Amino acid sequence: MQGMDSHMLLLLDNASPQRVSKQFSNVTLQFLPPNTSAHLQPQDAGIIQSFKSQRNKIRNAHVVDKLDELLEQVDGMGKENVKINSEQLFNVNILVAMRWAQEAWGAVTQATVANCWRHTGILGEDIFELVTDMHKLHIGPHTDRQLIV
């Protein structure tokens, strides 16, 4: 960055592990005031809640499917086997959990992300108007997942 004469503002929360004593030539560190994370951090403003909600929908659908399979087999099993299998309904391996997370993140809408950023007030309203106008004109990169700021 120094060679390109670029400058950057890095916003950090006020947690003590974030304290940095080193000075950077082209990076300005700005610490957020205490107790402002829900107001200034878009993740805390609803993105995480939306992600968790989507993940819970996926997990619940999985549990219902497994429960249906278990109930179809209940006649051939003893009560002990049914109990053991029912205790395993929520157990999944890490790969399945990662796929759920990927699917859940894909289901978080652009509108949710944009509204959470808007709620923080960090970016001016004119940014949101510009992005909206660009989408109406179909200007900009066209991908399956565009992040609206």
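See the values below:
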{"item": "Subset of segment 113-129 (residues that are farther than 23 Å from Asn35 by Cα and either loosely packed, with under 12 Cβ neighbours inside 10 Å or touching a residue at least 24 places away in the same chain (Cβ under 8 Å) (or both))", "result": "Glu125, Asp126, Glu129"}
{"item": "Boolean, Ser86 is in contact with a Cys (Cβ under 9 Å, 6 or more places away or on another chain), surrounded by 13 or more Cβ atoms within 10 Å (Cβ to Cβ) and part of a helix (DSSP H, G or I)", "result": "no"}
{"item": "When residues of segment 93-119 are limited to those that are aromatic (Phe, Trp, Tyr) and within 12 Å of Ile58 (Cα to Cα), the one farthest from the chain's Cα centre (by Cα)", "result": "Trp100"}
{"item": "Where Asn91 falls short, out of the listed (1) surrounded by 11 or more Cβ atoms within 10 Å (Cβ to Cβ); (2) not in a helix (DSSP H, G or I)", "result": "(1)"}
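Per-residue answers, yes or no, for (1) at pLDDT 75 or above; (2) hydrophobic (A, V, I, L, M, F, W, C); (3) assigned to a loop (DSSP other than H, G, I, E, B); (4) within 29 Å of Trp117 (Cβ to Cβ):
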| position | (1), (2), (3), (4) |
| --- | --- |
| Phe24 | yes, yes, yes, yes |
| Ser50 | yes, no, no, yes |
| Asn56 | yes, no, no, yes |
| Asn60 | yes, no, no, yes |
| Val64 | yes, yes, no, no |
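The values are calculated or read from the model by the stated rules, or taken from the named source; none is laboratory data. Quantities reported herein were computed from a predicted structural model and do not represent experimental measurements. Methodologically, a virtual Cβ is constructed for each residue, glycine included, from the backbone with ideal geometry; neighbour enumeration extends over all protein chains shown.
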